[in-house]
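Let me begin by presenting the structure, written as structure tokens, before commenting on it.
The values are calculated or read from the model by the stated rules, or taken from the named source; none is laboratory data. All values reported here derive from a predicted model rather than from experimental measurement. With ideal geometry, Cβ positions are generated from the backbone for all residues, glycine too; neighbour counts draw on all protein chains shown.
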Amino acid sequence: MPRIVVDVMPKPEILDPQGKAIVGALPRLGFTAFSQVRQGKRFELTVDGEVTEEILAQARTAAETLLSNPVIEDVVNVEVVAD
Amino acid sequence: MSATELPLIGDYSTPNTELNGARIGVITFPGTLDDRDAARAVRMTGAEAVSLWHADNDLQNVDAVIIPGGFSYGDYLRAGAIARFAPMMDKIIDAANSDAKLPVLGICNGFQILTESHLLPGSMIKNDHLKFLCRDQVLRVENNSTAWTNQYAQGEEITIVLKNQDGQYVADEKTLDALEAEGRVAFSYVGWNPNGSRRNIAGITNAAGNVVGLMPHPEHAIEAGYGPDHTGTDGLGFFTSVLTHLVGGQK
């Protein structure tokens, strides 16, 4: 069944405390090449049947209203993934 | 009502006392923790606490609403994000924005729900130190003209409990400038910023002054023997303020 993937990231100007904690832990494991980490969220919305334009539009609206908070987050990607 | 739950202020035991009729709703979501304490604070200031269930859509003629603290829906997605779409929240949002301007107080998770509802601007993210924090916190009353703060003196410092993980108040610079310019910062942290909140903001109000949200918990500081230092009753003013506001409105 096809899925609609929605990726949400904290806005660039919002401090991401979780990303900061992760970037602090990486060098302890020997990963020294990474200067910054930002942690976002990935949602997978499964659709029973074909993904029409209307369903995709619904996913975009859901992404802006419920899945993300526009004050602190950006929806960076909405795409259809076929299995 | 047991003897220990008699009102702390005034004597409202006489029928037809004006404040006796005040009905303050306290909403409960799955995962709410502090609804009982909020309801108790309401009763101890002499009003009637009315339990509101998130899935209902009848406000039961309440005169004001408290959205208490806790972890509604386990803080899944974002703190307050799922609770915001509960049927009872639709009613509360409409009533808060209506001409009647229903007084609404959001405490901790309730504050997060109010920002997710866009009744208050900005949002809360994880504390800058990433830890859950529980402490006695000093706040300064920056606006004593709201429905929930009118019994405090302007600039008064109060100590109430702060306990949260997602308490860092954020908003864009333009919003922060507007909040400060319009006197809509209701409370600020004093002495130490416990979570990295922008401009030391602990609580804010909407332009009309009927909707107030803050991270610390006034309902845990209403009675000597409990609360900060086991003596603090600094939270009582929130609950007496709304009653004063309601009485004033009925004149």
Is it true that B:Tyr226 is over 14 Å from the mean Cα position of the chain (by Cα) and touching a residue at least 24 places away in the same chain (Cβ under 8 Å)? no
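Among the aliphatic types (A, V, I, L, M) and not in a helix (DSSP H, G or I), is that true of B:Ala224?
Numbers: among the aliphatic types (A, V, I, L, M): yes; not in a helix (DSSP H, G or I): yes.
Yes; evaluated as a whole, the condition is true for this residue.
Taking strands (runs of 3 or more DSSP E) that fall entirely within chain A, which contain at least 2 residues that are among the aliphatic types (A, V, I, L, M) and in contact with an Asp or Glu (Cβ under 8 Å, 6 or more places away or on another chain)? Walk me through how you get there before you give the answer.
Details: elements: A:3-10, A:41-46, A:73-81.
Here the list reads A:3-10, A:73-81.
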Within region B:94-104, is even one residue surrounded by fewer than 17 Cβ atoms within 10 Å (Cβ to Cβ), out of contact with any strand residue (DSSP E or B) (no Cβ under 6 Å at 6 or more places or on another chain), of a type in the set (Asp, Glu) and at pLDDT 95 or above? yes
If we scan region B:141-152, do we find a residue that is touching a Gly at 6+ places or on another chain (Cβ under 8 Å) and either within 13 Å of chain A (Cβ to nearest Cβ) or without any contact (Cβ under 8 Å) to a residue 60 or more places away in the chain (or both)? yes
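For region B:32-46, give me the residue count where each residue is within 12 Å of B:Ala64 (Cβ to Cβ) and either touching a His at 6+ places or on another chain (Cβ under 8 Å) or at pLDDT below 95 (or both). Walk me through it before giving the result.
Of region B:32-46, the ones within 12 Å of B:Ala64 (Cβ to Cβ) are B:38, B:42, B:45.
With either touching a His at 6+ places or on another chain (Cβ under 8 Å) or at pLDDT below 95 (or both) added as a condition, the list becomes B:45.
Residues flagged as within 12 Å of B:Ala64 (Cβ to Cβ) and either touching a His at 6+ places or on another chain (Cβ under 8 Å) or at pLDDT below 95 (or both) within region B:32-46 amount to 1.
Kindly provide the set of residues from region A:47-60 that are loosely packed, with under 11 Cβ neighbours inside 10 Å and closer than 25 Å to B:Ala81 by Cα, ordered by number. Can you show your working first?
Going residue by residue through region A:47-60, those that are loosely packed, with under 11 Cβ neighbours inside 10 Å are A:48-50, A:52-54.
Scanning region A:47-60 gives a single hit, A:Glu54.
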Conditions (1) away from every other protein chain (no Cβ under 14 Å); (2) under 18 Å from the mean Cα position of the chain (by Cα): number failed by A:Pro70: (1)
Scan region B:116-133 and give yes if some residue there is surrounded by fewer than 20 Cβ atoms within 10 Å (Cβ to Cβ), more than 14 Å from chain A (Cβ to nearest Cβ) and not in a loop (DSSP other than H, G, I, E, B), otherwise no. no
